[in-house]
Number of protein chains: 2
Amino acid sequence: MTDFKYVINGSVDKFATDPPGVGHVSQINTEIAGWVLLIHALTKILAVGKRIIHNLKNIIQMKVLNGLLMLVAMIGVFACNQPTVKEKTTIEKKPEWVIVIHGGAGNINPERIGPDKEKDYIDKLKEALEAGGRILDNGGSSIDAVEAAINILEDCPLFNAGKGAVFSAGGVNELDASIMDGLTLNAGAVAGVTRIKNPVSAARKVMEASPHVILVREGAEEFAKGQGLEMVDPEYFYTEERWNSLQRIKERERQQKEDDSKKSGTVGAVALDRQGNLAAATSTGGMTNKKWGRVGDSPIIGAGTYADNNTCAVSATGHGEYFIRNVVAYDISARMKYSGESVDQAAGDIINNKLKSINADGGVIALDKNGNIAMPFNTTGMFRGYLVAGQKPVIAIFAKEN
Amino acid sequence: MTDFKYVINGSVDKFATDPPGVGHVSQINTEIAGWVLLIHALTKILAVGKRIIHNLKNIIQMKVLNGLLMLVAMIGVFACNQPTVKEKTTIEKKPEWVIVIHGGAGNINPERIGPDKEKDYIDKLKEALEAGGRILDNGGSSIDAVEAAINILEDCPLFNAGKGAVFSAGGVNELDASIMDGLTLNAGAVAGVTRIKNPVSAARKVMEASPHVILVREGAEEFAKGQGLEMVDPEYFYTEERWNSLQRIKERERQQKEDDSKKSGTVGAVALDRQGNLAAATSTGGMTNKKWGRVGDSPIIGAGTYADNNTCAVSATGHGEYFIRNVVAYDISARMKYSGESVDQAAGDIINNKLKSINADGGVIALDKNGNIAMPFNTTGMFRGYLVAGQKPVIAIFAKEN
């Protein structure tokens, strides 16, 4: 008997948009202000109308007129078919807390991974969810939860973050991470660090113990060391598999063949705590064979990570350059805020339409303030899972069509 | 006789929102669909109403009823005070090309600058505008124009970008820059570079000659050198004034006094070319005494720089950390796209309300696809100016209230 739910091929799409237990809240237009104004205006008009019609002999005709006026007014309101600011209102099934994680989107298929490794991935994702979940269940903060979940994935060689990160062209593991607090909009990030064991914890220190948001390279390492974070020899990040990937890509480069390796393995987490606060964080080794101090979207607030209690928390994974240009994480928040889209609509459209149309591979995990989860991706798979208060963890890897 | 217009204290606000020659386009709600539906519904109601009232003897009373129904309907429409998608419609005076530049927002006042230096600033801003304007007038691209304008400001020791950049805590000039093409959404950025003479040109090379968007530190320098850009000894960036600023701030730090120096001098440019393409770019030395490889908003696409032909081009200046957390440049574009705000409304509200309310100093220059210009700032001054096809450059430094 397993103590978690593993969603296999064929059922991913459903749960990705409609997780069990997460109340699917209804959309109600906040038209109350408009109605109040309208009814106020109508009352005045009716008063004037009544005085004029006072001369009419037939009281029945006046009732008809009153009815007509109300009818016209109602049609006037409903005919105003312009975009309205929609807000989530029904929260009867809002969960007490939620955590959602990803371990990267990419060219992932069962044959390539094999059953043993698949189990390893599932176990580790479950461990990360449960670590974050324990914190949330005990009333801890969403920031603590996302950091704890990501620390576990950073320490695991299966994912492209921390131990297990890919190698740059120079044969070094250059790590990026960021974190954001949806309550305060505080944020922190590190980029291009090579000696910090848990980059997401360094990002958190930048957020909390520096006046800055982004620190890079040696400066970021100096800061992290000063903050008492665990520093490691760059060799700590070595894994044979990632080293071999680099050699394979370099060989293809020498043969002037296009690099067909799909990068995957960035990790991320978003969470909603009992206090109603959202947080998001992302950690990565970036692209294998990256050159010239390349920085992707993961440490860029607004691109790879965003959290705002008023809308949602987002962590992205994919071809970072496209995610930067399209300001993906913030765009989900902006669509919810300005267009009244649901987290599902906003995240789904950006990943499956906007980014897919420009061949930008990737996905996001997004969680709104009411606990609604979206996990869209336009690749063959995305390591992902969520845990809702009082329920079992749900984990998935492949897409429906696999 | 001057061949340009210098707007002095007291008239800034007007031209900032209503530049001469830039057609001030009217905002017309796209409520036509709503009206058609409404009028259609009304016609039917009127027909029914007329049949009922047919029994009324007095034709005058029926006219009163008709009038009343129309009045109620109109109030119904106007009482629908929900956000509507607004679109710029009148483009009869859309200029053939426009370029707008800034040289930083901050604690700028006439006494501090003095008349001689004020003239130096004005002359240099004019030179930059005219360099960009020449390119645009000859049918060149907005990308070429913003790069050329910024190169002139980077080469001038008056501004905190390129030569004249502020010093980091380590006594080094660490430069950041970015550029974005509104047609393709391509973008490039460099951060923490110390040897590239013109960082904005390196950002452009990243955009055009690399598969990446952001390159940092030595890697970015190696790339720029490989692209044939002019490299300089780090000493090239030394200026006595900036060095003295660093010493002053360090002294205050030793005395544990708060750093009251307002950072200013970031440079930026946005342009609209004859082909209708927008571009934006920003270049800076960041904050004096910055530590640990701090990167601000200037090289962050979406924070300090953004351009999209569908909305606007933006370059920001100010307290970068706040601009990152609030994704300022992209937020202006998002409000225009999703809420139908004008460039003036979006940029003005973000700078003067949202950022001001959290004590986030700074400003932006923003230019929409129809040539409308916004240059809001919430500090005592912002070096700024614009040049519209067929007109004289307009330059300003101080705010109205100075």
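The values are calculated or read from the model by the stated rules, or taken from the named source; none is laboratory data. Small disclaimer: the values here were computed from a predicted structure and weren't measured. Positions of Cβ are backbone-derived with ideal geometry, glycine not excepted, and every protein chain shown enters the neighbour counts. Heads up: the accessible areas ignore ligands, DNA and RNA and are worked out on the full protein's heavy atoms, side chains in. Shrake-Rupley method; radii C 1.70, N 1.55, O 1.52, S 1.80 Å.
Output yes when any residue across the range A:249-270 is touching a residue at least 24 places away in the same chain (Cβ under 8 Å), closer than 27 Å to A:Val98 by Cα and within 13 Å of chain B (Cβ to nearest Cβ), and no when none is.
Scanning the range A:249-270 turns up no residue that is touching a residue at least 24 places away in the same chain (Cβ under 8 Å), closer than 27 Å to A:Val98 by Cα and within 13 Å of chain B (Cβ to nearest Cβ).
Out of the range B:176-224, which residues are more than 21 Å from A:Arg325 (Cα to Cα) and more than 10 Å from chain A (Cβ to nearest Cβ)?
Residues satisfying the conditions are B:Thr194, B:Arg195, B:Ile196, B:Lys197, B:Asn198.
Of a type in the set (Lys, Arg), in contact with a Leu (Cβ under 8 Å, 6 or more places away or on another chain) and surrounded by fewer than 24 Cβ atoms within 10 Å (Cβ to Cβ): does that describe B:Lys354?
No: the conditions fail for B:Lys354.
With respect to the numbered conditions (1) touching a Cys at 6+ places or on another chain (Cβ under 9 Å); (2) at positive phi; (3) not polar (S, T, N, Q), which one is the sole condition not fulfilled by A:Lys124?
(2) is the only condition that A:Lys124 fails.
Give just the number: which of (1) within 11 Å of chain A (Cβ to nearest Cβ); (2) charged (D, E, K, R); (3) farther than 27 Å from B:Trp243 by Cα; (4) out of contact with any Ser or Thr (no Cβ under 7 Å at 6 or more places or on another chain) does B:Lys356 not satisfy?
(1)
Looking at the range A:326-350 only, could you name the residues that are within 9 Å of chain B (Cβ to nearest Cβ), among the polar types (S, T, N, Q) and open to solvent by 20 Å² or more (accessible area, probe 1.4 Å)?
A:Ser339
Restrict the check to the range B:143-160 and report whether at least one residue is surrounded by fewer than 24 Cβ atoms within 10 Å (Cβ to Cβ) and farther than 21 Å from B:Gly304 by Cβ.
Yes, that holds for at least one residue.
Restricting attention to the range A:292-308, and to residues there that are of a type in the set (Ser, Thr, Tyr) and more than 10 Å from every other protein chain (Cβ to nearest Cβ), which single residue is farthest from A:Gly170 (Cα to Cα)?
Taking the candidates together, the pick is A:Thr305.
Looking at the range B:357-367, which of the residues that are touching a residue at least 12 places away in the same chain (Cβ under 8 Å) and either open to solvent by 10 Å² or more (accessible area, probe 1.4 Å) or within 18 Å of B:Gly268 (Cα to Cα) (or both) is farthest from the chain's Cα centre (by Cα)?
Checked the range B:357-367; the qualifying residue farthest from the chain's Cα centre (by Cα) is B:Ile358.
Condition test on A:Thr282, is it more than 14 Å from every other protein chain (Cβ to nearest Cβ) and at pLDDT 95 or above?
Judged against the criteria, A:Thr282 is a match.
Testing A:Tyr121 on (1) in contact with a Phe, Trp or Tyr (Cβ under 7 Å, 6 or more places away or on another chain); (2) under 19 Å from A:Ala220 (Cβ atoms), one condition comes back false. Which one is that?
The single condition A:Tyr121 does not satisfy is (2).
Provide a single number: the residues in the range B:356-396 that are over 14 Å from B:Thr317 (Cα atoms) and β-branched (Val, Ile, Thr).
Going through the range B:356-396 one residue at a time, the tally reaches 5.
Is it the case, given these coordinates, that A:Asn289 is at the interface with chain B (Cβ under 8 Å from one of its Cβ atoms) and out of contact with any strand residue (DSSP E or B) (no Cβ under 8 Å at 6 or more places or on another chain)?
For A:Asn289, the condition - at the interface with chain B (Cβ under 8 Å from one of its Cβ atoms) and out of contact with any strand residue (DSSP E or B) (no Cβ under 8 Å at 6 or more places or on another chain) - is not met.
Among what's in the range A:309-325 and is open to solvent by 10 Å² or more (accessible area, probe 1.4 Å) and outside any helix (DSSP H, G or I), pick the residue that is nearest to the other protein chains (Cβ to nearest Cβ).
Taking the candidates together, the pick is A:His319.
Suppose the filter is more than 22 Å from the chain's Cα centre (by Cα) and open to solvent by 10 Å² or more (accessible area, probe 1.4 Å); does B:Gly171 pass it?
For B:Gly171, the condition - more than 22 Å from the chain's Cα centre (by Cα) and open to solvent by 10 Å² or more (accessible area, probe 1.4 Å) - is met.
Tell me which residues, restricted to the range A:369-381, are buried (at least 24 other Cβ atoms within 10 Å of the Cβ) and either within 20 Å of A:Ala145 (Cβ to Cβ) or not assigned by TED's automatic domain parsing to the domain that holds A:Ile108 (or both).
Hits for the range A:369-381 are A:Gly371, A:Asn372, A:Ile373, A:Ala374, A:Met375.
With the requirement that a residue be small (Gly, Ala, Ser) and not in a loop (DSSP other than H, G, I, E, B), what does the range A:264-308 give you?
If the condition is that a residue be small (Gly, Ala, Ser) and not in a loop (DSSP other than H, G, I, E, B), then A:Gly268, A:Ala269, A:Ala271, A:Ala279, A:Ala280, A:Ala281, A:Ser283, A:Ala307 are the ones that fit.
When you go through B:Gly188, B:Gly219, B:Gly182, B:Gly164 one by one, which is the residue that is without any contact (Cβ under 8 Å) to a residue 24 or more places away in the chain, open to solvent by less than 30 Å² (accessible area, probe 1.4 Å) and either closer than 22 Å to B:Asp297 by Cβ or touching a Phe, Trp or Tyr at 6+ places or on another chain (Cβ under 8 Å) (or both)?
From the options B:Gly188, B:Gly219, B:Gly182, B:Gly164, the qualifying one is B:Gly219.
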